[in-house]
Amino acid sequence: MQPPAPFIAAVQRVEDQWVDYNGHLNMAYYNVLFDRAGDEAFERVGLGADYLKAANCSFFTLEAHITYLREMHAGDPVRVHVQFLDHDSKRVHYVEEMYHAEEGWLACVSEHMIIHVDMSSKRSSPFPSDILEKIAAMCAAHKTLPIPPQVGHRIGIPRK
């Protein structure tokens, strides 16, 4: 079966307790929403909670870069698109885009690099071949999607 392009996670909703004193979704909870959506996408390639129990392996985030574009508020419905950009035998580079699920505008973009880890040794290890095949299929399905302009951005203050 062909993987969806992009992978679209289940709609989530901004919870009231996630709103900060500025009246919008606190930055930490964007990560919660992205993490939940990422879990759905990685479950699709076989890297879910059952995999951890069966193989005693999982994956850890090595790096993340978030770009906030528009405020989300309490009760807002959220739809996250997950796009696999690249992979090797141990890592996956992917990006997530968070949209207002009803109005369709882009709120936030989060770029990630994860690594496969043997939980016994807490060291990186190659993905099993069946998982790697599914990751490769997801990457291939996503190859023709446009890459969001936030991917690869460097943080810094532009100087004239």
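Here, each number is a calculation from the coordinates, and none is a lab measurement. Remember, predicted model here, so these are calculated numbers, not experimental data. So basically every Cβ, Gly included, is an ideal-geometry build from the backbone, and we count neighbours across all protein chains shown.
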Check: Over the chain, what relative contact order in percent results from Cα pairs under 8 Å that are six or more residues apart?
Finding: 27
Checklist line | Nearest-ten-degree value, helix 129-142 long axis tilted from longest Cα axis of the chain | finding: 40
Checklist line | Point-charge dipole on Cβ atoms (K/R +1, D/E -1) for the stretch 1-152, about Cα centre, debye to 20 | finding: 480
Note to self: Counting pairwise Cα distances across the stretch 1-83, what percent come out greater than 22 angstrom?
What the structure shows: 36
Checklist line | Those lysines that a straight Cα-Cα span of less than 17 Å connects to Lys122, excepting residues fewer than 8 apart in one chain | finding: Lys53, Lys90
Next item on the list: Provide the convex hull volume over Cα atoms per residue for the chain, in Å³.
Entry: 151
Item checked: Whole-Hz couplings from phi, Karplus 6.51/-1.76/1.60, listed for the stretch 93-109; x for Gly and Pro -> 9, 9, 9, 10, 10, 9, 10, 5, 5, 9, 8, x, 7, 7, 9, 6, 10
Checklist line | DSSP-assigned coil residues among chymotrypsin sites (Phe, Trp or Tyr not before Pro) in the stretch 67-152, each with at most 13 further Cβ atoms within 10 Å | finding: Trp105
Check: Once you put a point 7 Å from the Cα of Asp86 and another 7 Å from the Cα of His65, both along the Cβ direction, what distance in nm separates them?
Finding: 1.2
Next item on the list: Treating the angle as unsigned and between 0 and 90°, give the value, to the nearest 10°, between the Cα long axis of helix 27-44 and the longest Cα principal axis of the chain.
Entry: 30
Next item on the list: Calculate for the chain the 222 nm mean residue ellipticity that helices alone would give, adding -39,500 (n - 2.57) per DSSP H run of length 4 or more and normalising by residue count, nearest 500 deg cm²/dmol.
Entry: -7500 deg cm²/dmol
Checklist line | Among Glu111, Glu96, Glu71, residue whose mean-square fluctuation peaks in a GNM of the chain (springs only between Cα atoms under 10 Å) | finding: Glu71
Next item on the list: Arrange Asp76, Asp118, Asp130 by Cβ neighbour counts within 10 Å, fewest through most, would you?
Entry: Asp130, Asp118, Asp76
Next item on the list: Write down, largest first, the equivalent ellipsoid semi-axes of the stretch 44-84 in whole Å, where each equals the square root of 5 times an eigenvalue of the alpha-carbon gyration tensor.
Entry: 29, 14, 10
Checklist line | Using a Förster distance of 45 Å, the FRET efficiency for Ala10-Ser120 (Cβ separation, nearest 0.05) | finding: 0.90
